[in-house]
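We did not get these values from a lab; they are worked out from the coordinates using the rules stated. Quick caveat, the model's predicted, so the values are computed rather than measured. Ideal geometry is used to build each Cβ from the backbone, glycine not excepted, and the neighbour counts take in all protein chains shown.
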Amino acid sequence: MPNKTDKSEASTKTKNFRRQRKSKEFSRKSQMEILGLAIVVVLILVATIFIVRFLVLKTPTDYRKGFISSELASNMLNTFLKTAARDCSQLTMTELLQDCAQGRGIICDNGKDSCKYAEETAKNIFENTLDKWNMKYEFSAYTNINSPLIKLGQQCRAEKRSKLFPIPISTATMYVKLDICG
Amino acid sequence: MHANILSILDIRMNKKGQIQIGETIAVLFVFFVLITIGFVFYVKVIKGNIEAEKEELSQLKSVGVAQRVMFLPEVQCSEDNIIIDNCIDISKLDAAQKLMKENEVYYYDLFEFSDISISQIYPSDAKWSIYSRKTNDFKSRFVTNVPISLYDSTIRKHGFGILTIETLAR
């Protein structure tokens, strides 16, 4: 038969065991709660990133850009080449550029040769158009790309819209090129 | 003694229940707050999408108007009944201006609220306004500049001009 001391020892052991189990249960519960909180924080962070990405950092799309830049480069060159020179017997820019590449026989009323006159006219036109609209460009007329006859503007460093017009001359073909940056 | 223990237990249980109800209310409150934030965000995204579509539509409309003006038979150059692209006949401009003023309703269907003008920048400076119908109640304004050849039929020569199309969208 177990005596009184044995009984109390057994009950203390049971109590200790229960206490330990309870404490373990508590710690597991708190761990779960912390995990839950962490998930909520992660969800809030993801939502914030999503909001910032789609609402705050949203850049407006310019749908007209493609149309404008493609029209601009080709129309600009096309129109320029057709334009008649004011003080050069109403010769077109194409004729002046052809002469420029073939020996510069034409001297205009203001005393300038065909190359200089075409360059000045192009400069005047681009100053009143592309420069005014804050558009960067590179205009060149050449038979050999390494030594252009006329060169205006600056080379595009990134995206560009380019238009190349070949002009026949007696010896070879000359090219007029316009790059519009952006 | 037994009744005393029961009453203590009852009070404890009551307190625990109240705490749990409080907890449930707090959780529900947070849940509804999150739902509200989500709904507000959703509405904002939808609103943003509608605005973007509206903007796209206005821009496309502006491109459409620009193209209609560029190929307007009233001002386009032609030689032996063959249309010359990207060219405007100066001698047709005065007649076109008059015609557009007389048939405002017809041209409104084509150009809506816009301002169309042509400026010659070489060999001399000149400006023509061919259509103008503006509104103060607009949300977006688009300006399209198109280089265009200006043909002077009296000397049979081309000049350099800019066709400026300003469209206003409500």
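Under a model in which nothing but the beta-carbon of Lys, Arg (+1) and Asp, Glu (-1) is charged, chain A shows a dipole of about 2560 debye around its Cα centre. Take every Cα pair under 8 Å whose residues are at least 6 apart in sequence, average their separation, divide by the length of region A:65-181, and the relative contact order is 25 percent. Peptide A:74-87 is shielded by partner chain Cβ atoms: per residue, an average of 6 of them sit within 10 Å of its Cβ. Since only A:Ala10, A:Asn78, A:Leu91 are under comparison, the one whose Cα sits farthest along the positive direction of the charge dipole of chain A, derived from C-beta charges on Lys, Arg, Asp and Glu, is A:Ala10.
Calculated FRET efficiency, A:Gln20 and B:Lys15, Cβ-Cβ r, R0 30 Å, to nearest 0.05? Rounded to the nearest 0.05, the efficiency is 0.70. Sequence-ordered 3J(HN,Hα) estimates for region A:134-145 from the Karplus curve with 6.51, -1.76 and 1.60 and θ = phi - 60° stand at 6, 10, 8, 8, 9, 10, 8, 10, 7, 9, 10, 4 Hz, glycine and proline given as x.
Lysine pair count for chain B with Cα-Cα distance under 16 Å and sequence separation of 8 or more or different chains is 10. Database remark: amide H of B:Ile148 closer than 5 angstrom to the amide H of B:Gly161, B:Ile162, B:Leu163 (H placed geometrically; neighbours at sequence offset of 5 or more, or on other chains; Pro and chain starts carry no H). Put simply, the Cα atoms of the protein assembly as shown extend 136, 56, 30 Å along their principal axes, the longest span coming first.
If I take every Cα pair under 8 Å that is 6 or more residues apart in region A:1-142, average their sequence separation and divide by the length, what percent do I get for the relative contact order?
10 percent
Need the list of aspartates and glutamates near A:Lys65 for cross-linking: C-alpha distance under 13 angstrom, and skip anything on the same chain fewer than eight residues off. Partners found: A:Glu159, B:Glu56. The C-alpha atoms of chain A define a longest principal axis, and helix A:65-82 lies at about 10 degrees to it.
Sequentially through region B:114-124, phi angles give Karplus couplings (6.51, -1.76, 1.60; θ = phi - 60°) of 8, 10, 10, 9, 10, 10, 8, 10, 8, x, 9 Hz, Gly and Pro residues having no value and appearing as x. Starting from the Kirkwood radius over alpha-carbon pairs of region B:50-169, derive D by Stokes-Einstein at 20 °C in a medium of 1.002 mPa s and give it in µm² s⁻¹. The diffusion coefficient I find is 143 µm²/s.
Counting only residues at least eight positions apart within a chain, or on another chain, the aspartates and glutamates with an alpha carbon under 14 Å from that of A:Lys116 are A:Asp87, A:Glu95, A:Asp99. Amide H contacts of B:Cys77 (H built 1.01 Å from N, in plane; Pro and chain starts excluded): B:Ile84, B:Cys87, B:Ile88, B:Asp89 sit under 5 Å, all sequence-distant by 5 or more or on other chains. Across chain A, the fraction of Cα-Cα pairs farther apart than 21 Å, rounded to a whole number, is 67%.
Here each label is just a point 7 Å from Cα along the line to Cβ, and for B:Phe71 and B:Phe32 those points are 6.0 nm apart.
The mean count of C-beta atoms from other chains within 10 Å of the C-beta of residues in B:29-39, rounded to a whole number, is 1.
Close amide H pairs (under 5 Å, H built 1.01 Å from N) link A:Leu91 with A:Ala85, residues at least 5 positions away or on another chain.
Given R₀ = 30 Å, what would the calculated FRET efficiency be for A:Ser162 paired with A:Asp62, taking r from the Cβ atoms and rounding to 0.05?
0.95
Take region B:10-102, drop everything but the C-alpha atoms, weight them equally and run the Debye formula without solvent; then report log10 I(q)/I(0) at 0.12, 0.18, 0.21, 0.24 Å⁻¹ to two decimals. Those come out to -0.69, -0.92, -1.03, -1.13, one per q.
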